[in-house]
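Written out below as structure tokens is the structure these notes cover.
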Amino acid sequence: MERDVWNALRRRLDQRPDRRPAKCQFTDRRVVEVFLWAALHDRPVAWACRPASWPGPRRTLPSPATMSRRLRSLGVLVRLRRLLGRRVVRRLVVIDGKPLRVSRFSKDRQATAGYGAGQIDRGYKLHAACDGRGRLAAFAVRPMHEPECRTARKLVGRAAGPGSLTLGDASYDANELYRIASSRGGRLVAPRRKPGRGLGHRRHESDRLRSIALLEGEERKRRQASRLRTSVERYFGWLTGTLGGGLPPWARTLRRVSRWVMAKIVIEDAKRWP
């Protein structure tokens with residue numbers, strides 16, 4: 001399986017013209033290739049910089065210091081992100097968040113405490129929007145303490161389109177999100193945190209009122225919306241297998257965690273490439 005995924009990644013890398021910045025020995029393609037080789041084998045980047053870590057004849061590889069510097073460059077980041085391909089807006093979009101925990105003894109100052117999977121965790125959180133078939137439409141990695149509804153403003157803006165239906169859990173029940181989805185020509189449906197309560201005296205978006213009437217009305221429609229949300233859970237399940245159950249000890253700080261998660265998403269997507 002790893003050989004097939006690696007061949008698919010190399011074919012996708014070869015499809016775009018390569019470039020080598022001025023005064024640099026290695027091209028952007030080589031830097032991305034070394035980074036993906038480390039992510040594919042769940043090893044740190046320094047491991048992939050050793051010729052013994054590669055099969056076949058010995059090759060010239062960048063040093064760990066060169067990789068650390070070049071992975072922050074715009075050209076490498078753009079080339080890595082282009083491997084994700086173009087995300088097509090679907091009729092059905094499901095949004096959710098997945099905690100990426102780190103040890104509570106970690107010295108990572110950017111890893112914050114927040115609400116994870118039914119408890120208070122420390123680390124980061126992957127926010128994702130998937131279509132009905134479990135294909136990723138948009139994603140973002142943020143510290144654990146950041147509310148899901150705040151990050152979802154960008155996700156809904158990217159993934160929602162004319163005629164689309166966006167489903168979320170109670171964390172996304174916010175008038176601002178309903179307004180953003182409506183401005184994109186779509187519609188958001190999310191349950192309330194405390195169903196059956198009053199609405200107070202503030203003004204609510206019309207789509208939020210329709211969502212309340214839908215989910216607090218017939219039991220059949222409530223169950224149907226719950227079943228449709230399983231697509232993002234399936235994607236998180238596939239991605240968890242690719243991530244190896246969580247963040248490795250060398251992926252710390254928001255910048256490195258975001259790059260590592262992006263590489264794992266590229267690897268997961270490569271399994272479905274033709």
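Every residue, every condition in (1) among the small types (Gly, Ala, Ser); (2) out of contact with any strand residue (DSSP E or B) (no Cβ under 6 Å at 6 or more places or on another chain); (3) without any contact (Cβ under 8 Å) to a residue 60 or more places away in the chain, yes or no:
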position	(1), (2), (3)
194	no, yes, yes
199	no, yes, yes
226	yes, yes, yes
231	yes, no, no
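Among the residues of the range 89-105, those identified as modelled with pLDDT of 80 or more and closer than 15 Å to residue 167 by Cβ are 92, 93, 94, 95, 96, 97. Any idea which residue in the range 130-145 is surrounded by the most Cβ atoms within 10 Å (Cβ to Cβ), counting only those that are touching a Lys or Arg at 6+ places or on another chain (Cβ under 7 Å) and more than 15 Å from residue 240 (Cα to Cα)? Ranking the candidates gives 137 first.
Restricting attention to helices (runs of 4 or more DSSP H) lying wholly within the range 20-95, give those where 1 or more residues are surrounded by fewer than 17 Cβ atoms within 10 Å (Cβ to Cβ).
Details: elements: 28-40, 45-48, 64-70, 74-82.
Per the criteria, 45-48, 64-70, 74-82.
Taken over the range 204-218, the criterion of being in contact (Cβ under 8 Å) with a residue 24 or more places away in the chain and either outside any helix (DSSP H, G or I) or of a type in the set (Phe, Trp, Tyr) (or both) is satisfied by 204, 205, 216. Taking (1) at pLDDT below 90; (2) closer than 21 Å to residue 173 by Cα in turn, residue 86 satisfies each apart from (2). Given the condition surrounded by 13 or more Cβ atoms within 10 Å (Cβ to Cβ), assigned to a helix (DSSP H, G or I) and in contact (Cβ under 8 Å) with a residue 40 or more places away in the chain, answer yes or no: does some residue in the range 183-191 qualify? No, the range 183-191 contains no residue that is surrounded by 13 or more Cβ atoms within 10 Å (Cβ to Cβ), assigned to a helix (DSSP H, G or I) and in contact (Cβ under 8 Å) with a residue 40 or more places away in the chain.
The values are calculated or read from the model by the stated rules, or taken from the named source; none is laboratory data. Because the structure is predicted, anything quoted here is derived from the model rather than measured. We place every Cβ from the backbone using ideal geometry, glycine too, and count neighbours over all the protein chains shown.
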